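The structure appears below as structure tokens.
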């Protein structure tokens, strides 16, 4: 049985009103491959658009907060925490996001959206100097849910 389809086969937002609020966390990561010259420009903060890693991290945080406006059947969530880290490597930039909330549904879409937009921001900021960039390996690393108390989860 598909959860996002009603009895007439139409797309619907899942009703999560009967689910208990849980502490939910998701981690996602991804990578953008860059030319060695581009890596050096980022490292030396010589990309004309500015500090690539910091701007990408901020863009990822903003994106996580906007996920339900971008993905039609995604629930709007009150996020407790969004962390986006962009790390420069010899081959490009690795982005890792961790998103948390207390709610009735998970935050994996927010974590994945944060990574995607952070990587696209790197692409945008470097496109004038690197025509061979490649975004890859975007995936959910893990997701967890825990009760607010030590009581067992009845889900």
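Bear in mind these aren't lab numbers, they're just calculated from the coordinates by the rules spelled out. If you're wondering where the values come from, they're calculated on a predicted model, not measured in any experiment. Quick reminder, even Gly has a Cβ in these numbers, built from the backbone with ideal geometry, and neighbours come from all protein chains shown.
Data table
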| quantity | calculated |
| --- | --- |
| Helical contribution to [θ] at 222 nm, DSSP H n ≥ 4, -39,500 (n - 2.57), averaged over the chain, rounded to 500 | -9000 deg cm²/dmol |
| Candidates 125, 13, 109: whichever shows maximal mean-square fluctuation once the chain is modelled as a Gaussian network with Cα springs under 10 Å | 13 |
| Simple spin-label estimate for residue 13 and residue 146 in nanometres, 7 Å along Cα-Cβ | 2.9 |
| Residues 142, 101, 126, 74 arranged by fewest to most Cβ contacts within 10 Å | 142, 74, 101, 126 |
| Residue order, fewest to most surrounding Cβ atoms within 10 angstrom, among 91, 37 | 37, 91 |
| Choice from 59, 11, 28 with maximal GNM fluctuation in the chain (Cα, 10 Å cutoff) | 11 |
| Tilt relative to the chain, helix 52-65 - C-alpha long axis, 0 to 90 degrees, to 10 | 20 |
| Residue with peak Gaussian network fluctuation, the chain [Cα springs, cutoff 10 Å], from 40, 131, 143 | 131 |
| FRET E, pair residue 54, residue 89, Förster distance 22 Å, beta-carbon r, rounded to 0.05 | 0.85 |
| The stretch 26-146 - Rg over Rh from alpha carbon coordinates, Kirkwood radius | 1.01 |
